[in-house]
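Following: one structure in structure tokens, then a few remarks.
The values are calculated or read from the model by the stated rules, or taken from the named source; none is laboratory data. Since the model is a prediction, treat every value here as computed from it, not as a measurement. Here the Cβ positions follow ideal geometry from the backbone for every residue, glycine too, while neighbour counts run over all protein chains shown. Heads up: the accessible areas ignore ligands, DNA and RNA and are worked out on the full protein's heavy atoms, side chains in. Shrake-Rupley method; radii C 1.70, N 1.55, O 1.52, S 1.80 Å.
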Amino acid sequence: MTIALWILNGLLALAFIAAGSMKIARPKTALVASGMSWADDFADPTVKLIGAAELIGGIGLILPLLTGIAPVLTPIAATALTVVMVGAIVVHARRKENATPSIVLAVLSAASAVLGFLVVL
């Protein structure tokens, strides 16, 4: 189970760190122009906050388990990312946009949380 957790968390961390970094680094207008039209409904600081949550969550999937310092933070980070993705599903559903990527990431984050709690506790 530990190997499955590492594989899942590695892939999730790559996705969330990349997405979060992009939201932090690029201005809201550039995000909207690149196809993230949902960002138009939010203030710029809110978009940056979402990006920061994804970036910190992505780091939280790997770092505590890797260092052995408070490894229980790994499944907690996965749980928090699940909540973020549920919010994304709601936003995309309200805008009648494709929510499939958010649904997949929410399910994988929830699976990571369950697997993480099983491995850590």
Exercise. Looking at (1) surrounded by fewer than 16 Cβ atoms within 10 Å (Cβ to Cβ); (2) part of a helix (DSSP H, G or I), which is the one condition that is false for Ile50?
Worked result: (1)
For this session: Check segment 13-33 and report whether any residue there is open to solvent by less than 40 Å² (accessible area, probe 1.4 Å), hydroxyl-bearing (Ser, Thr, Tyr), over 18 Å from Ile103 (Cβ atoms) and in contact (Cβ under 8 Å) with a residue 12 or more places away in the chain.
Result: no
Exercise. Taking only pairs six or more apart or across chains, which ones have beta-carbon atoms under 7 Å, a first residue in segment 94-121 that is closer than 14 Å to Thr74 by Cα, and a second residue that is of a type in the set (A, V, I, L, M) and surrounded by fewer than 16 Cβ atoms within 10 Å (Cβ to Cβ)?
Worked result: Leu115/Met1; Leu115/Ala4; Leu118/Met1; Val119/Met1; Val120/Val72
Exercise. Taking segment 104-121 only, how many residues are part of a helix (DSSP H, G or I) and open to solvent by 80 Å² or more (accessible area, probe 1.4 Å)?
Worked result: 3
Exercise. Yes or no: Leu65 within 15 Å of Ser109 (Cα to Cα), assigned to a helix (DSSP H, G or I), out of contact with any strand residue (DSSP E or B) (no Cβ under 9 Å at 6 or more places or on another chain) and touching a residue at least 40 places away in the same chain (Cβ under 8 Å)?
Worked result: no
For this session: Select, from Thr74, Thr82, the only residue that is β-branched (Val, Ile, Thr) and free of Cβ contacts under 8 Å to residues at least 40 places away in the same chain.
Result: Thr82
Seminar exercise, completed: Output for Cβ contacts, cut-off 7 Å, separation at least six or different chains, first residue in contact (Cβ under 8 Å) with a residue 24 or more places away in the chain in segment 37-50, second outside any helix (DSSP H, G or I) and open to solvent by less than 60 Å² (accessible area, probe 1.4 Å), reads Trp38/Glu97
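In segment 10-30, is there at least one residue being of a type in the set (Ser, Thr, Tyr) and closer than 30 Å to Leu115 by Cβ?
Taking segment 10-30 and keeping what is of a type in the set (Ser, Thr, Tyr), we get 21, 29.
From the residues that got through so far, the ones that are closer than 30 Å to Leu115 by Cβ too are 21.
Checking segment 10-30: at least one residue is of a type in the set (Ser, Thr, Tyr) and closer than 30 Å to Leu115 by Cβ.
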Exercise. Restricting the search to segment 53-70, which residues are open to solvent by less than 40 Å² (accessible area, probe 1.4 Å) and either modelled with pLDDT under 95 or basic (Lys, Arg) (or both)?
Worked result: Leu65
Seminar exercise, completed: Checked segment 34-43 for anything open to solvent by 60 Å² or more (accessible area, probe 1.4 Å), in a helix (DSSP H, G or I) and more than 23 Å from Ala80 (Cα to Cα); matches are Asp40
